[in-house]
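**Student:** Have a look at this one.
The values are calculated or read from the model by the stated rules, or taken from the named source; none is laboratory data. Owing to the predicted nature of the structure, the values given are computational and were not obtained by experimental measurement. A quick note on method: Cβ atoms are made from the backbone with ideal geometry, for glycine too, and the neighbour counts reach across all protein chains shown. The accessibility values were calculated without ligands, DNA or RNA, using every heavy atom of the protein model including side chains. Shrake-Rupley method; radii C 1.70, N 1.55, O 1.52, S 1.80 Å.
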Amino acid sequence: QKEVEQNSGPLSVPEGAIASLNCTYSDRGSQSFFWYRQYSGKSPELIMSIYSNGDKEDGRFTAQLNKASQYVSLLIRDSQPSDSATYLCAVDYKLSFGAGTTVTVRA
Amino acid sequence: GAVVSQHPSRVICKSGTSVKIECRSLDFQATTMFWYRQFPKQSLMLMATSNEGSKATYEQGVEKDKFLINHASLTLSTLTVTSAHPEDSSFYICGSQGADNIQYFGAGTRLSVL
């Protein structure tokens, strides 16, 4: 059974700051990792996918993967109020979701 | 690209009735479709996985006779909640996965059973 754990929330950051989200996974053989954002009452939307060790940047978002440590993170730079949502970490194609971390960006 | 259409977005029904939810991948072929359920303040719970033309694989604890899944084509999957009861009230979300192996989600269906 795949297990995915995310850092407990909620996470509150001031506007313009960096929000850091962490996720660990139990299956050492996992190959693909995803971050989804879910606004309240809505379905998840894909933010980032990452497959190789290292960093992957897309706009204000940076995903970091360390397979040796079984750890994947998401950084949100210059956080905006519109980033306030629950962020879900997902592992592998079948998607084992973490419980999510709720982020609130204070204006 | 990667648009997944799910409807209805909201349905209210009486206890004992059946409800069908449709999920369509509009601009890609979905080799695999997933159905999730989400209760308030909780993460998505995978209910079942289906491949086109095959029987769905249900997760442990999900009644296959209650939640009927049909994946008749590469662009359409349906979930039918049979004999719905108030405890079935939830947010149901479909996920479609194509050749890129990335899963994209429909907008979800909020089911309320009275």
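**Student:** Would you say residue A:24 is part of a strand (DSSP E or B) and open to solvent by 50 Å² or more (accessible area, probe 1.4 Å)? Lay out the reasoning, then the answer.
**Tutor:** Working: part of a strand (DSSP E or B): yes; open to solvent by 50 Å² or more (accessible area, probe 1.4 Å): yes.
Here the answer is yes, as residue A:24 does meet what is asked.
**Student:** Looking at this structure, is residue A:70 touching a residue at least 12 places away in the same chain (Cβ under 8 Å) and within 11 Å of chain B (Cβ to nearest Cβ)?
**Tutor:** Values: touching a residue at least 12 places away in the same chain (Cβ under 8 Å): yes; within 11 Å of chain B (Cβ to nearest Cβ): no.
For residue A:70, the condition - touching a residue at least 12 places away in the same chain (Cβ under 8 Å) and within 11 Å of chain B (Cβ to nearest Cβ) - is not met.
**Student:** Is it fair to say residue B:112 is open to solvent by 70 Å² or more (accessible area, probe 1.4 Å), more than 22 Å from residue A:90 (Cα to Cα), away from chain A (no Cβ under 13 Å) and among the hydroxyl-bearing types (Ser, Thr, Tyr)? Steps first, please.
**Tutor:** On the way: open to solvent by 70 Å² or more (accessible area, probe 1.4 Å): no; more than 22 Å from residue A:90 (Cα to Cα): yes; away from chain A (no Cβ under 13 Å): yes; among the hydroxyl-bearing types (Ser, Thr, Tyr): yes.
In short, no.
**Student:** Here is a follow-up. Of everything in the range A:77-89 that's free of Cβ contacts under 8 Å to residues at least 60 places away in the same chain and more than 14 Å from chain B (Cβ to nearest Cβ), which residue is surrounded by the most Cβ atoms within 10 Å (Cβ to Cβ)?
**Tutor:** Across the range A:77-89, the extreme among qualifying residues is A:84.
**Student:** If the requirement is being in a loop (DSSP other than H, G, I, E, B), within 12 Å of chain B (Cβ to nearest Cβ) and either within 15 Å of the chain's Cα centre (by Cα) or surrounded by 15 or more Cβ atoms within 10 Å (Cβ to Cβ) (or both), which of these qualifies: A:43, A:30?
**Tutor:** On the way: A:30 fails: within 12 Å of chain B (Cβ to nearest Cβ).
Only one candidate passes the filter, namely A:43.
**Student:** Another question, then. Residue B:12 versus (1) within 23 Å of residue A:31 (Cβ to Cβ); (2) open to solvent by 40 Å² or more (accessible area, probe 1.4 Å); (3) among the aliphatic types (A, V, I, L, M): which is the lone unmet condition?
**Tutor:** For residue B:12, the exception is condition (1).
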